[in-house]
Structure formats: structure tokens, C-alpha cells
There are 2 protein chains.
Amino acid sequence: MENREKRRSGIFVSSVSPRIDCGRFPVKRAVNDVLRVTADVMKPGHDLLSVSLKIKHESEKEWNELDMEPDGNDGWTAEFKLTQLGTYDYTVCAWTDTYATLLRNMQKWHASGEDIHQDSIQLIEFATEWTRDDAQALPHLEKLANALSAHDFETLLEEASSPEFTPLVRARQPRTDLVEYGKTLQVVVDDRRAVFSSWYELFPRSQSTQKGKHGTFRDVVSRLDDISRMGFDVLYLTPIHPIGVTARRGKNNSLPASSDDVGSPWAIGNEYGGHKSVDPNLGTLDDFKNLVHEAERRGIRVALDLAFQCSPDHPYVKEHPSWFFHRPDGSIRYAENPPKKYPDIYPFNFDAPDWKDLWNELASVVEFWIAAGVKVFRVDNPHTKPFAFWEWLIKKVKKRHHDVIFLSEAFTRPKVMYTLAKLGFTQSYTYFTWKNYDYEIKEYFTELSSAEVTEFFRPMLFTNTPDILTPVLQNGGRPAFKMRAVLAATLSPLWGIYSGYELVENQAKPGTEEYMDSEKYQIKQRDWDAPGNIKQFISTLNRIRAENSCLQTLGHLKFLEVDNPNLLFYTRWSDDGVSRLFIAVNINPYERHSGFVEMPVKEMGLSESAPYTVRDLLTGERYVWRGVKNFISLTPDLRPAHILEVEK
Amino acid sequence: MENREKRRSGIFVSSVSPRIDCGRFPVKRAVNDVLRVTADVMKPGHDLLSVSLKIKHESEKEWNELDMEPDGNDGWTAEFKLTQLGTYDYTVCAWTDTYATLLRNMQKWHASGEDIHQDSIQLIEFATEWTRDDAQALPHLEKLANALSAHDFETLLEEASSPEFTPLVRARQPRTDLVEYGKTLQVVVDDRRAVFSSWYELFPRSQSTQKGKHGTFRDVVSRLDDISRMGFDVLYLTPIHPIGVTARRGKNNSLPASSDDVGSPWAIGNEYGGHKSVDPNLGTLDDFKNLVHEAERRGIRVALDLAFQCSPDHPYVKEHPSWFFHRPDGSIRYAENPPKKYPDIYPFNFDAPDWKDLWNELASVVEFWIAAGVKVFRVDNPHTKPFAFWEWLIKKVKKRHHDVIFLSEAFTRPKVMYTLAKLGFTQSYTYFTWKNYDYEIKEYFTELSSAEVTEFFRPMLFTNTPDILTPVLQNGGRPAFKMRAVLAATLSPLWGIYSGYELVENQAKPGTEEYMDSEKYQIKQRDWDAPGNIKQFISTLNRIRAENSCLQTLGHLKFLEVDNPNLLFYTRWSDDGVSRLFIAVNINPYERHSGFVEMPVKEMGLSESAPYTVRDLLTGERYVWRGVKNFISLTPDLRPAHILEVEK
């Protein structure tokens, strides 16, 4: 604890916020966000205080100091615009504003008719002592002395409190009882895309237009315009590395594979290389770099999959057998979760005797792809690797590359998911796909939108993934696909689809959430303009997201009353409150549903009885509404949702 | 932060609770309370964990370790009975339970028909390595080896998981990935009276039965039986020290005082001594010790007033002028809060150059009175002295005298009051006297009863003080006095009255909350059995408090529905839920009020339709109630409240 010398200060600084877990983890913001820092600062008695926010970017040596302003009940606040990517440190300090306190007391004494001659001497002595080297102060000090000689205390007080003189003394007076908040807190400032982006996931090998042919990076380039027209700005590729042969899985996860099976791209590594190589069937590293370049030209960032595991054929297995787990007989253990076994996958032993070499090698994998132009990584199953590894890796990488984004693909226990986000993951998968009823959507997204959670957790809402085709999509078809897309695109600034969603692909392996003929185990080719697709609908959603800043920020989500549990009605608004939308969704894809929604007319500054117009951004249609309760009727597929703005 | 070597452990310990302000302050408990500690403990993957609560009393060198039990969603819990007064440290540690994990996996493999020969070898090697020095383990290890030879895996698993053998391995297996929670937390264990007691405040000089005579400690002894019969167990004396003459205040705070005025006892110090002396008019130090002894015989503890300030005549002023504030001309500054002036009081300068001497001298004052038998101190205006001083003083004193109680008499801003409590004050005055309406009583006491606040703040509810005679008492008379007594005695386990309350004294200086002819400035003599007194009513309240443990603990207060804002209806219950009362109060002292209260019959396990009997502990009367809504009618003075228990 503090030593007694230090504790003599009568000032107590506490509850500095924002802060996660007592400052153990940094909070998160995007570049050009304003950080609002609050603190409780108290001193017994009646002295006036100066309170400062101290903040510095990791590139800076010296603290910047900003005055904090009192906002009642011993709370103090300051705001700071985060203009640089990377990490800022911040803390709070306070000291007695001796000059202002003296002055305030003298003003009170004088007003109550007391003689302030003695106090005036003290004030002038104090001011002189701390400003004597300042030429600017001299004329003021002279005026003060003259006023004292003339016993003209009115003039003396006026001069002493003048806006020209006061700051000179306040800036120079000693901070004899300076107290610092015991801790330095941190905020990580990310690229704007960390908070707001729309993802499109595909298997590169499925992108050839020639029937039966293995797709290449060049084929993916041909898809870019289509993806861009749908409004996506991150293109996430499933693993692009050479694929293992040993225990390779066949179509629909069958064993053994036949000779023409392409295998799961998550079984990484074969004779052609491992995590730093590309599958020769996809092309060359230069082809990949060309894809990154072509994507960037269209405003699309390429995201790679970081799956830190090996096929038995990975070069690491021979070069670094110590990095894996071993049986008593010396053989390498494949992945297992009793009674399940995964003989095509060797997990790393992150606690191996030479773990430092392993960790450094994995960090070099990330650096390798960053050098190839990649700035976004989707991390496969981070919850099966040590927390400490991720904290170390992400810090190390982001220290050099502030704009890199790590998306945590962890579907596990709630606190583990939150902890991964706190440790450094920029974005996180969520339970969205399994939240279908009104009460569970409300409960979950109210939690994710809370001030506490948005400090560290940025929810990425994928409608589907190669592993997840939920019953509502399997059974609800196109109406369900549209409905879930609206929810994903409007409940969080981060959403994504796995390719095929736009084609309403919904054939599952019976009784599972797995796709029938899953691309995980075979090449799949599509007519990307097949009839019945919802590409236009998706484009509209992404356009609405691009045009309304309330859909581009975390939090600011409130569920409003509606008298039918098949309907959801919620509002999103921007930090400044200027952008605001009201979203109504029929979450039952099988039936038309109607009901009365409740508009917060008071809060909106609308009349409680006069009519107002709302416009549906999905269709352009206008409705004249009046007062709080208004009728809506939503028809699956045809009109699955309203995204409404109130017209001024 | 932790170094990287340490961070290799896959285990993450966080959110250890109870804890105040990230562990900056200790939480509070009373002796023999059970401390329930919770933590979040996680390890990615599927390994089983061992989690321990480590706890030790300040008198102990070694930690005690208790197993924590998982209670879902990565939460862990342990309970520890605090049998000693003083401070305990506690923290949490965790490590992988390697043996249990191996065993669990083998059981799963075996159940799914896999061969576990290799795993069995590993298990036996592991168990042998860590128990080979333990004679108890030998026969078990032999059985395991035999089962392995016989390929009898059923027997092997049974033996390996036997309750005789498992603990031997678990206790000895290495904690290779042990992780400690980064912080040591503290709990201060106080005397039971810190949580539950009833205070009676008096001016010793007013206790003479001879008209016009200055009361003495012997006169106070004569009052003890009366005070004890009313059920009070702490007798708080206003300052007993010599009183200053300079600028002494006369009757009703008039200036100048006349020669026969006795002065305010808070203007401490004259030629007869200061904070370590007794006013000769009250008797000798031995007389005081005799009073303490006589009080203790009746189960009453004597509380002294700690008012750390001096009259201009205090010996400190001559001996240690440096301990005070000075004007530019060298004269000592009296207390002032512009435009108010207190020329009879010199405040200490706690930041004086020789502040260490001052602080030590003030600590010696406390030690002096502890040596005279005092264990309870009511601290005057602690919020006008530095936080650091109180934290230092209380820690220093309680280190030697665990059972000493400090009551903070701070009426100031909410966060300052809370901070004083966090810094170490055992009990705290509250805003109770100024909470009169239903909504403000509900809001304030819901906050004070919350889990967060009861960790550090123990509210002392005085109905009145020598400074506070509120309008409701001035105007409401005897009905108001009874009503406010019920509230004070049942809203917190700590309550008190300032003498005269039992006599319904309610003459104020017009337009103020000050008493007319206040005892602060003159001797006041009463007929302690004057007609119209409410002594019997107060005795009954204190008897009910003594007989019902739900009124002896902090928290466990809930306001229930009642359809009349003039009525309050609330319930209190004990930690174990066995003791439970329902309290209805008519907070309007001028009118009879009736209404329907809502009983939580479901929660009570009562039928929603069948009748049940409630008994009023104030009158002994019984009422037959039925279901949730029940009618009450409360008449000021006659029946101001119900204190109801549900009869089984």
C-alpha cells in the first residue's frame, strides 16, 4: 500500500472509470472515439480541488493533462478524443487548489463585512512566490500591491480573480498534496472496422465456375464484385493451407476418405508445408497477395482463419515433435474429448518444455500473413488454447500492427467467452444463432448492449457458419433467412454470412445443425444468381447499415413494448442521438403477425396526440403514426420487418 | 503485472468476492459470522480443477486452505467461520487436478469400449510417484498393479477412484500450474456489539437530582438502572473534559457568556487539562472508572466522545502551537467556515510540520481512555479531518484492541460518509432523521441494506441528537416520537436516542432544528418519570430487538406493497431465515391511516387462501389474516405500528 508519508494528503481518488476487472484489462474503443473518464475525488472540509486526467499514447513519453470538471456528488469528468490507433494509458491525479481556495474564502469574508487585510497579504505573498519569474504576472502583482496599499479590497479581489491572472498562479502553484490514483488504466484503440463491418465467409476451393474443378485465388477474385455489391467489407477465407492426408475425412465426414476427397482445410499441413504455405491447388502466395490487393481495391479486407493445430503430416510434427502431446509409448496423441477422437488432428502442447519456441513460431505465422497484406484473423477455437497464450500473442502483434483485428470463434461457457474478449480479442462470436424467441433475444442482447459488456465485448453475429445451420433456417426457409438477416444486421454493428446463405441453402444432415454435403469435406459449386436468392435484400440491409450511424456503434439498443411475442420491436441510436431507427421484426417465419408497438414519443420530443410519419428504409414506404401505440403487420418473406426512421 | 513464466498456467482466477473497491478496503463482519467467499475460476479445455480458499487470522503465520466447490458457470464457493476478533487475510488459488482428470478420461474411454492399457500405466506411474513415501498408499498401489497385470480395468478404475486412495494422491500431486489470485483481501471481524446495539446519549452534568447542581459521574451511576430497564446497552457521554473559558458560549449559544455559564463540552481544554483529563466538576478519573465498572455490571458499555479540537485554553495550545493554523501575524486561527466563525475552537493542523507528533499524541488519547475501560468511541465530525489520519488511527488502535468500536458522526456528502466507513469506522451516523416520506425512507434504506453497502457501512439510527430535533418531532409530539422510535429500532440493528427523547422533549429554537435551552450550553435537569413519557414503549422495542435475531443483523430488509403512502410495510429476516418479522408503521403522526398490505405468502410457504395468524409483538394482539392482501389500521400514539410475527 501507499506509505504513510504519501497518505498524509487529505485527498482521496477512487472509482476511476471506465475500467474492467479493477484495471486488469484494457477497455476498447475505435479511433476518433471520445473517451469519457470519470472519478470520485474527495477532500474532507471545504478546500477547492484541481483534478486532472492524465493520458498518453504508447508512442508518447510525457503525460497529457486535461482538467476534469466536477459534476456533483464528488464526481469528476473529462473527455479525450482518441485520435491514434494503439494503446493509451490513463489515470487521474488531484491536488488542493490553494489559490482558488484562498480567494473563495476572502470573497466570502469580504461579502460578510469582515476585514481581509491579513488574508490579502497572504494571498499576494503566495501569488508572488509562484509567479515571480513570469513577466506576464508582474503588472497584475503590482495592481494587487497598489490595491492593498489603498485598502481597496474590491479592486484587489477583482484583480486576483481575473481570467488573465488566475491561470498564471494556478498553473504554477505547488501541488504539495498531489495524490495519484493508484493504478494506470488502459484503452486499446482499434481500426473503425473492429466495431463496424459486414463479413462474407467462403471456401476458396468452391469458387471455380468450371464444374468439378478445384477453385483458386483467381476464382475468388472473380467473386469480389458480387460480394462487394452485396455490401460486405470483410471477406473471410476458410484455411488456405496444404491439407493433411493421414486419417483424412471423406464427404459428409465419412471414414475412410476416397482418393479424390479434398479433406477438411482445418487439418492443416502436408508435404507442401504448413501454416505459412498455401495449398498448391489454390495457387501461389503471389496469387493470394493479388487477391488481397484486388479486394482492398474494392474496399474489402481479406480475413484468414488461424487454426492452431496440425494434421499428422504437418512439417512441425517431424521438426518439433516436442510441441505435441505424447503417449507413454512415445507416440503423438491426436485430439480427443472422451469419448470423441480426432485422429486427423494433433493439438499443440502449449505447455511443452520448449513452449517459448512454439509460441514464437505461432506468432511468426501471424506476422507472415500480415506481411502478405492480411489485417484480419478469425481465430479457430481459442478456448481450447491457454488464455495466457492469446493475451501474449495479441499484445505482441498489436504492438507492431495497431490495426490488426482478431475475431474469437469461441462457442463455450459465457465467462470463458467474456474472458477471451477481455484478454485481447477484438471481436467475438456469440450465441446469436441459438437465440430464437423474443424473451431470449431481448435478454441476451440487452446484456451484450450494456455499458459494462460493451467496454470489452464486440459481438459478431454470423447468421450461419459451415458448422451451424440452425433448425429455424432448415425449416423456415427463405422467410427465416430474411428474418434472421435483419436481426443480425441490426442487433450489432458486426454481422456476417457464410456463403450459400444468400441462396437460401438449408439442407442439413438430418437431426443435426451440419450442412448436408458440407463444404468442410468437399467442393461445392453454385449458381450465385440462382432463383429465389436474397442478394438484393442483403444489399439493402448493408446499404441501410452504411447510411445510418446508429447501426455502426455498440450498445444503444433498447427493446420496446409490443403486444405480440411473435414480434420484436427495438430502437438503436447513435452516440450523439442524431441517428435513430426503430426496427420491428416478425420472428415467426411461418405466419403473418400483427400487433401494437409502443413508440417513446415523449423521449423523441413528439406530440402524444399529433400524427408523425415513419419511413421504412427497407421498402421506402411511409406510414402515418400517432401517439404511443401504433399498429404493425408483418408478413414472412414479403415484409418480414420494418426498419423505420421518424421523418422530421 | 505477472511475468510471462507465471502466465503460462492455463488457469484464470478472477472476481474474488466479497471485496470493496478492488480490495483497497477490508470488508466487515462480526465474530462467529460465516464468511462466504466466491470466485470465478476457469481453464480452457476440459481439465478438472482444484480451487482453494486461503485464509489466515492476523495472529497466524500459515494459511488455512479450504476446498472451494463449483456452483455452476465457472463460479466457486467456500464458507469459513470467523471465530476470532481482528483481521483475516484471504485469497484464492487453483491448480489442475491432474489425477482426477486422468481418471475421469479413463472412465469415459473405458465406458465407450476403448482400451485403456496405456492410460492405466500412466495413471499408476503418476500415483506411485507422488505417494511412494506414504505407507497408507502402498496396498492401494499394489492392488492397482495387480489389476493392470490381470487386464482387469473395472477393478483398476474402482480402486483408483476409491475414497481411501484418491485423497492421498490429490493431496500430494504437484501443483505445477498453481495460480494465485493476484490480491490478498481482508475482512475485519468486530465485536457483536459493532453490529447490534442500542445507544443512550446523555450529558453527565445534567444528571444531578439536586436542582441547580452540576451533575457528576456518581449521578450518572444512579441513572444506570433506569437506562438498563429501557434496554440500552451503550451509554454515550458527551465530552467529559475540562471546558474552555475563552469565547465561551452562553445559554442558547449567546455571546458573551455570563460567569455562571458552563460552556459547550466540545470546547475542550482549560487549566485543568485537555483530552486526557476529566472536568473536575464531574469528579475524578477514578469516579469515571467506577462508572464504567458499574455500567459493565449491567451489561452497558460506556462510549466516549472523541472531539479532536481545542479550546484556546487547551494545554496543547501553549505546549504545541505548531499543531494549529496560523495567521500571517503569527496568531492562531480559530475554526471558520466563511462566513461562520468559531472563536472558541482551534482546529488541529493535521498537516503541521510535526504532524507525526500530533497524530501520535491523538492516538495516545484513545489509548488513555481504553486503559480506563472504554471500548466505544463516538467520533465528532471526522469528515473535517484527513481521511488518512482516520485510516491510520483506527488500524493502529484496532491492531492492539480488536473489540474497540468507532462510530463516525459525519453528516456530509454521501460518498464522503461511505469513504469514512470504508477507511475503518465501525459504525456510521446516517441521514435517517431527515427521511420522513415513504419514498425517501424506502429508497435510502433499500440502498443501506444492499449487499454492496452492508459490506462496509453499518448505519446507526439516532432518533435525535443534541444538534437535531427535526420538524416532525417538534410538531408531531408524542405520536411522532413513538413512530420514529419504531422506525429507528427496526430499520437497522443499531439505533439510539439522546436523553429527553423518552420524555418527548420537543421545544426547539424557532425556525431551527436546535433544542430550546440546549444542553450544549447549559445544565438541564428532568423528572425522568415525568407523565407522558414513552419509556415503556422504548423498553418494549428493545425487548423485541433482543428476542428476534432478524433485528440484530444488517441487510435483509425489503419494503412490501401497501396501498397508502402514509403507511410503510417492510419485512426483516435473519441470515438463516428462521427469524422473520413484518413491520407496519403509520408514518403520519397526525392521522389514523388504513390500507391493504401485501404479504409474500408464496415465499413464506403459506396457503394463498387459507387463514393464518399474525401476532403483534408490541401489544400481544393476534389477527387472523388470509392470502396476500390484508387490512391494517394504525392510530398515532395509541397503535402507531405493528411488529408482526406469523404464528406457526
Of all the accessible heavy-atom surface of segment A:99-172, with the other protein chains kept in place and a 1.4 Å probe, what percent is carbon and sulfur? 51
By how many degrees, 0 to 90 and rounded to 10, does the Cα axis of helix B:387-400 deviate from the longest principal axis of chain B? 70
In chain B, what percentage of the DSSP-assigned beta bridges are antiparallel, given to the nearest 5? 70
Cα radius of gyration and Dmax for chain A (Å): 31.0, 106
Find the relative contact order for segment B:99-172 and round it to a whole percent, using C-alpha pairs within less than 8 Å whose residues are 6+ positions apart. 34
Residue A:331 - accessible surface, heavy atoms, 1.4 Å probe, Å² rounded to 10: 40
Could you work out the mean count of beta carbons from other protein chains within 10 Å of each residue's beta carbon in B:329-336? 1
What whole number of Å gives the distance from the Cα centroid of segment B:418-453 to the Cα centroid of segment A:411-462? 35
Below 9 angstrom from the Cβ of residue B:500, what's the summed charge of the other residues (Lys, Arg +1; Asp, Glu -1)? -1
What average number of partner chain Cβ atoms lie no more than 10 Å from the Cβ of the residues making up B:409-417? 3
Which value, in Å² and to the nearest 10, is the accessible area of residue B:110 when all protein chains are kept and the probe is 1.4 Å? 50
Which Cys residues of the protein assembly as shown have no other Cys beta carbon under 4.7 Å away? A:93, A:310, A:550, B:93, B:310, B:550
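Is there a pair in B:28/B:396; A:276/A:356; B:251/B:318; A:28/A:56; B:442/B:482 whose C-alpha atoms are over 22 Å apart, and which pairs would that be?
Beyond 22 Å between Cα atoms: B:251/B:318.
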Once both axes come from the Cα atoms, what is the angle between helix B:471-491 and the longest principal axis of chain B, in degrees from 0 to 90, rounded to 10? 20
Taking the Kirkwood radius as the inverse of the mean 1/r across Cα pairs, report the Rg/Rh of segment A:557-646. 0.95
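Could you work out the local net charge near residue B:518, counting Lys and Arg as +1, Asp and Glu as -1, over the other residues with Cβ closer than 9 Å to its Cβ?
0
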Give the long-range amide H neighbours of residue B:428: residues separated by 5 or more places, or on another chain, with amide H under 5 Å away, using H modelled in the peptide plane at 1.01 Å from N. B:408, B:458, B:460
Antiparallel versus total DSSP beta bridges in the protein assembly as shown: what percent is that, nearest 5? 70
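Please give me the summed charge of the neighbours of residue B:454: other residues whose Cβ is under 12 Å from its Cβ, Lys and Arg +1, Asp and Glu -1.
-2
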Please compute, for peptide B:39-48, the average count of beta-carbon atoms on other protein chains lying within 10 Å of each residue's beta-carbon. 5
Cα point-scatterer Debye curve for the protein assembly as shown, base-10 log of I(q)/I(0) at q = 0.05 Å⁻¹: -0.51
Can you send over the solvent-accessible area of residue B:452, 1.4 Å probe, protein chains only, in Å² to the nearest 10? 140
For every helix of n ≥ 4 consecutive DSSP H residues, a contribution of -39,500 (n - 2.57) applies; sum these over the protein assembly as shown, divide by its total residues, and give [θ] at 222 nm rounded to the nearest 500 deg cm²/dmol. -8500 deg cm²/dmol
Quick one: which residues, 5 or more positions from residue A:381 or on another chain, have an amide H under 5 Å from its amide H? H modelled 1.01 Å from N in the peptide plane, none for Pro or chain starts. A:409
For segment B:333-349, Karplus-derived ³J(HN,Hα) couplings (6.51, -1.76, 1.60; θ = phi - 60°; whole Hz; x for glycine and proline) come out as 7, 7, 5, 8, 9, x, x, 7, 10, 10, x, 8, 10, 9, x, 6, 9
For chain B, calculate the relative contact order in percent as a whole number, restricting contacts to Cα pairs under 8 Å that are 6 or more residues apart. 10
Pairs B:81/B:108; A:340/A:415; A:435/A:520; B:81/B:398; A:415/B:395: which exceed 28 Å Cα-Cα? B:81/B:108; A:415/B:395
What ranking, highest mean first, results for peptides A:592-604, B:371-383 when packing means the other Cβ atoms within 10 Å averaged over each residue? B:371-383, A:592-604
Please compute P(r) over all alpha-carbon pairs of segment A:102-209, binned at 10 Å starting from zero, and give each bin as a whole-number percent. 11, 30, 16, 9, 9, 8, 6, 6, 4, 1
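The values are calculated or read from the model by the stated rules, or taken from the named source; none is laboratory data. As the structure is a computational prediction, the values presented were derived from the model and not from experiment. Backbone-built Cβ (ideal geometry, glycine too); neighbour counts: all protein chains shown. Heads up: the accessible areas ignore ligands, DNA and RNA and are worked out on the full protein's heavy atoms, side chains in. Shrake-Rupley method; radii C 1.70, N 1.55, O 1.52, S 1.80 Å.
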